[in-house]
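Data first, discussion second: the structure below is written as structure tokens.
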Amino acid sequence: MGATTPLIVAPEIFIRHTAEREFIGPAVLEIHPGELWMTAPWGRPPVDFSQAKRFALSSHLFRSTDRGRTWRAHGRLNIPYNLSGIISDGGITLIRLQGGRLMATCHRNAPGYHGGGVPAVSFSQNEGESWSPARLVQDREDVFYVMNERTIELKGGRLVIPVAHKPGDVAREKYVEGERCVARCFLSDDEGETWRLSAAVVLEDERGMAEPVVAELTDGSLIMLARTGSGSHHASFSHDGGMNWSAPQATELQAACSPLTLKRMTNGHLFLAYNAAKPLFKGSFFPRRPLAYSISRDDGKTWSQPGVIDDVVGQQLIYPSVTFLSEGILLVYSAHYDPGNGKFSDTPEAYKVGGGKRCLISYPQ
């Protein structure tokens, strides 16, 4: 494990889980210079899906004017939602498109699709005051998973939504969430009006290419990283804007099948936030601590030794949001109870451990 990361603002819980709702999968957007918006769905493993079904579909918004140190409630992300299922599963992205509009991408927990569903998108032309009705990126329902902070816009304007996909030719009644998925991307060349699905990235292990993330490289090609059951995050590359991908290969990024967030920094380097630890066993989802980062200065060929951001025994530190600010790098993520036995907890009192956390770290040298 690498050295402890220099902190500008130490990790601290700013939203507490409650018995009815647990925070997970935040998206952060600097909507104006010095003003940050943050939103997140509620109710997701290690939280019970059924939690969210008793509540309004629109996610709460929070606002910060002190570079993420403190947050206050700021109404809701009022996207008109007339689709089946709920916005859940830890997956919301907020980005500003090159044309100026805001775009939201939301994961859907569709009934009968094992916590997955076709992603929904919405757009705002008035700085988030109102949004277009949520609509699906494809007509046919299927098992897709899209996590937080995934959608990107390429320099040429193409929109890319990386997703995990359980193809429809499997016996869904026998499928269990977390089993093998392939990775794909939804692509749009008309600012989100129409979408098409890329070829699959297939890894023959217990988890496959799960919860993929994508970034554009300096030469315009794309890198995809995904969590796997093979002991490390795996990488695939595309040279045609995300339609076709190379066979996935293991990286030096040792990790269990646990969440990761990839962003390209303003200097062109890649920044990956993830749980840098040796898996408890092949295919394990644990450990989910520490939360750490690695940097690639050569377009994903090699990665720095991990720097520890947060490490609390008994907590899962997962689904980080990453925002590059003038002062440093803001990370917003969630902490959940970890029973320490390599399994997700079903303890009724588990919500008392953790909540939404934030910290601000110095830029790597």
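The values are calculated or read from the model by the stated rules, or taken from the named source; none is laboratory data. From a predicted model like this one, the values you see are computed outputs, not experimental measurements. Neighbour counts are summed over all protein chains in view; Cβ atoms, including those assigned to glycine, are modelled from backbone coordinates with ideal geometry.
Data for the structure
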item: Output for the stretch 324-365, where each listed residue is β-branched (Val, Ile, Thr), buried (at least 16 other Cβ atoms within 10 Å of the Cβ) and part of a loop (DSSP other than H, G, I, E, B); result: VAL353
item: Tabulated pairs, the stretch 296-309, first under 12 Å from ALA273 (Cα atoms), second of a type in the set (Phe, Trp, Tyr) and in a strand (DSSP E or B), C-beta under 6 angstrom, 6+ apart or interchain; result: GLY307/TYR293
item: Selection from the stretch 241-296 of residues that are basic (Lys, Arg) and not in a loop (DSSP other than H, G, I, E, B); result: LYS263, ARG264
item: Matching residues, the stretch 136-155, being surrounded by fewer than 15 Cβ atoms within 10 Å (Cβ to Cβ) and under 23 Å from the mean Cα position of the chain (by Cα); result: GLN138, LYS155
item: Subset of the stretch 36-59 that is at pLDDT 85 or above and either touching a Lys or Arg at 6+ places or on another chain (Cβ under 9 Å) or polar (S, T, N, Q) (or both) - its residue that is farthest from VAL146 (Cα to Cα); result: LEU36
item: Residue within the stretch 214-221 that is outside any loop (DSSP other than H, G, I, E, B), at pLDDT 95 or above, in contact with a Lys or Arg (Cβ under 6 Å, 6 or more places away or on another chain) and within 17 Å of LEU154 (Cβ to Cβ) present; result: yes
item: All positions within the stretch 181-199 that are under 23 Å from PRO111 (Cβ atoms), without any contact (Cβ under 8 Å) to a residue 40 or more places away in the chain and in a loop (DSSP other than H, G, I, E, B); result: none
item: Failed condition for GLY283, given (1) surrounded by fewer than 19 Cβ atoms within 10 Å (Cβ to Cβ); (2) within 30 Å of HIS32 (Cβ to Cβ); (3) among the small types (Gly, Ala, Ser); result: (2)
item: Complete set of residues in the stretch 148-169 that are at pLDDT below 95 and assigned to a loop (DSSP other than H, G, I, E, B); result: PRO167, GLY168, ASP169
item: Conditions (1) surrounded by fewer than 16 Cβ atoms within 10 Å (Cβ to Cβ); (2) over 16 Å from PHE123 (Cβ atoms); (3) at pLDDT 95 or above: number failed by LEU187; result: (1)
